[in-house]
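Working notes, structure below.
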């Protein structure tokens with residue numbers, strides 16, 4: 001990282017609507033008790049928040065709505081005004097529109113102008129990529145404070161009138177795993193000494209010769225009537241590769257920093273589902289680390305997840321302590337992670 005440390009000053013988060021438990025989800029789609037038991041046993045997610053009203057299909061919140069709320073919270077907690085932000089970076093797999101970029105809509109709502117603004121199109125690793133881009137820019141010395149935002153609104157791809165009993169598993173699983181949400185963080189080279197330092201950020205494309213584990217399609221007028229599903233997932237491939245990539249990510253971060261596993265106090269593992277998170281955490285084997293997870297309550301809300309984990313981490317992060325976060329994107333297989341240290 002830069003000689004002048006980049007510090008994490010604050011985190012903000014936003015969720016749409018009330019929590020929806022598995023029973024309510026099953027009721028909305030006419031699924032039986034066996035399906036509910038399958039979700040509880042093999043997925044483990046208890047609730048999720050959706051930006052779509054399941055009874056009508058009406059969209060209640062856009063990504064820009066959620067991003068704005070999360071950003072306002074982060075700025076308020078940091079004691080930073082919008083005028084003090086020098087760069088804005090947003091990561092998402094589900095922008096509200098292809099143009100204008102959602103990052104620019106969020107910036108305008110915050111009254112931020114005249115600064116660089118970047119939008120990264122990515123799955124779950126996009127949250128970490130926002131930290132990577134922002135920290136690299138801050139390291140140049142040209143900028144002092146950055147606002148990073150990440151989130152996804154996946155429910156807009158739901159067909160609320162779908163017969164889930166007729167869907168193949170690679171489509172059905174998307175109705176179970178995912179939720180919507182957004183998060184934001186303020187990074188600065190001018191932060192107080194008690195704020196955690198961003199010690200390392202890692203992002204690596206790891207998809208050479210691997211088929212995508214997840215596909216999310218956009219449609220235009222020419223192909224909107226295609227028979228292809230808007231979202232599909234190779235969950236078997238995800239179960240096979242994500243734990244391996246998560247371990248490689250953690251190992252590389254530790255090697256880069258010269259940290260031992262036993263010296264890590266907090267672990268923010270990948271948040272695919274409760275069941276998968278448990279398996280990955282066991283494989284990562286940080287003997288003294290407290291797990292910081294949110295997926296049981298939020299569902300897998302993509303690029304918001306790392307922010308929700310950080311939101312839970314900051315109030316409990318003691319001095320001195322170290323934290324490692326890992327996020328894996330399964331669409332074309334990206335390893336990502338970051339390390340924080342509080343002196």
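Laid out as a table, the results:
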read-out	value
Subset of the range 159-179 (residues that are in a helix (DSSP H, G or I), in contact with a strand residue (DSSP E or B) (Cβ under 7 Å, 6 or more places away or on another chain) and in contact (Cβ under 8 Å) with a residue 60 or more places away in the chain)	170, 171, 173, 177
Residue within the range 147-157 that is surrounded by fewer than 24 Cβ atoms within 10 Å (Cβ to Cβ) and more than 29 Å from residue 82 (Cβ to Cβ) present	yes
Candidate set from the range 66-99 (those that are in contact with a helix residue (DSSP H, G or I) (Cβ under 9 Å, 6 or more places away or on another chain) and free of Cβ contacts under 8 Å to residues at least 12 places away in the same chain); member that is surrounded by the fewest Cβ atoms within 10 Å (Cβ to Cβ)	97
Any hit, the range 121-139, residues being in contact (Cβ under 8 Å) with a residue 40 or more places away in the chain, outside the structural domain of residue 232 (by TED's automatic domain parsing) and out of contact with any strand residue (DSSP E or B) (no Cβ under 7 Å at 6 or more places or on another chain)	yes
Odd one out for residue 223, checked against (1) over 18 Å from residue 211 (Cβ atoms); (2) without any contact (Cβ under 8 Å) to a residue 40 or more places away in the chain; (3) part of a helix (DSSP H, G or I)	(3)
From 53, 40, residue being within 19 Å of residue 154 (Cβ to Cβ) and either at pLDDT 95 or above or surrounded by fewer than 18 Cβ atoms within 10 Å (Cβ to Cβ) (or both)	53
Residue check for residue 215: touching a strand residue (DSSP E or B) at 6+ places or on another chain (Cβ under 9 Å), surrounded by fewer than 19 Cβ atoms within 10 Å (Cβ to Cβ) and not assigned by TED's automatic domain parsing to the domain that holds residue 52	yes
Condition check for residue 251: at pLDDT 95 or above, loosely packed, with under 14 Cβ neighbours inside 10 Å and more than 15 Å from residue 323 (Cβ to Cβ)	yes
Residue match in the range 16-32 (condition: touching a helix residue (DSSP H, G or I) at 6+ places or on another chain (Cβ under 8 Å), at pLDDT 95 or above and buried (at least 21 other Cβ atoms within 10 Å of the Cβ))	yes
Residue within the range 255-266 that is free of Cβ contacts under 8 Å to residues at least 40 places away in the same chain, in contact with a strand residue (DSSP E or B) (Cβ under 7 Å, 6 or more places away or on another chain) and in the same structural domain as residue 331 (by TED's automatic domain parsing) present	no
Checklist (1) more than 19 Å from residue 174 (Cβ to Cβ); (2) more than 20 Å from the chain's Cα centre (by Cα); (3) modelled with pLDDT under 95 applied to residue 159, failing item	(1)
Out of 199, 144, 224, sole residue that is surrounded by fewer than 22 Cβ atoms within 10 Å (Cβ to Cβ) and within 21 Å of the chain's Cα centre (by Cα)	199
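The values are calculated or read from the model by the stated rules, or taken from the named source; none is laboratory data. For clarity, every value in this text was computed on a predicted model and none was experimentally measured. Note: ideal-geometry Cβ built from the backbone for every residue, glycine included; neighbour counts use all protein chains shown.
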